[in-house]
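Here is the structure we will look at, set down as structure tokens.
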Amino acid sequence: MINQKMEKAINRQINAELYSAYLYQAMHAWFASKNLLGFANWTQVQALEEWSHAMKFYGFVLERGGKAALEAVKAPPAEWKTPIDVFRHIYEHETKVTGMINDLVDLAIEIKDHASNQFFQWFVTEQVEEEANADAIVQKLAIAGDRGEALFMMDAELAARAFIVPPWIKVAVTVGPATAP
Ligand code: FEO
């Protein structure tokens, strides 16, 4: 059975991951409105990843005999000035998320919840990648500067990112007409 303090902390993290999904979706809307569809694709894939992070925490709470509590998700911003502003925002946001994951690890250590600590390590590793990915794009955008052709090349590159459904997400697929036996 999960400790109540831990249950509350993980539920807060579920909300934070859902906010991340919402934030990336808002960024998708912004890039789509600028017709930068490769950047839009990258943020859409990231929104789906964030939703899958929320579901990973959600599944863990249930597995430990706790109750997942869903609260209101705050509205994300809708406007940015330039693509580099978006990615600077992403980098900053991900460093905040890293801090939240570290706080969860600290709590697990404090209350000797080894199972949660081990579970959180996946996110510790993931955050290293999330920060590095955002930082790499900030650096490239800084080099591209105001050169439109460099921006379009990056847009084409980011169009290649695809969402891979992680193993903890079970997708029910119905094949064929509803009347099939
Ligand atoms: Fe779920 Fe971007 O951290």
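Data for the structure
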read-out	value
Centroid-to-centroid separation of the range 11-88 and the range 118-173 [C-alpha atoms, Å]	13
Nearest 10 degrees, 0 to 90: helix 37-63 Cα axis against the chain principal axis	0
Highest to lowest packing among 70-79, 104-113, scored as the average C-beta count within 10 Å	104-113, 70-79
Whole-number accessible area per residue in Å² for the range 1-123, which is evaluated in the context of all protein chains at 1.4 Å	51
Under 30 Å from the Cα of residue 74 - lysines, other chains or at least 8 residues apart	5, 8, 34, 56, 96, 170
Per-pair calculated FRET efficiency, R0 = 35 Å: residue 81 and residue 122 via Cβ, rounded to 0.05	0.50
Sequence of 125, 82 when ordered by accessible area, the most exposed leading, probe 1.4 angstrom	125, 82
Most to least accessible of 170, 34 (protein chains only, probe 1.4 Å)	170, 34
Estimated inter-spin distance, residue 132 and residue 103, nm [label 7 Å along Cα→Cβ]	2.6
Degrees between helix 83-110 axis and first principal axis of the chain (Cα, 0 to 90, nearest 10)	10
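The values are calculated or read from the model by the stated rules, or taken from the named source; none is laboratory data. Given the structure is predicted, the values throughout are model-derived calculations rather than measurements. Every residue, glycine among them, receives a Cβ derived from its backbone with ideal geometry; neighbour counts consider all protein chains shown. With ligands, DNA and RNA removed, areas are computed over all heavy atoms of the protein, side chains included. Shrake-Rupley method; radii C 1.70, N 1.55, O 1.52, S 1.80 Å.
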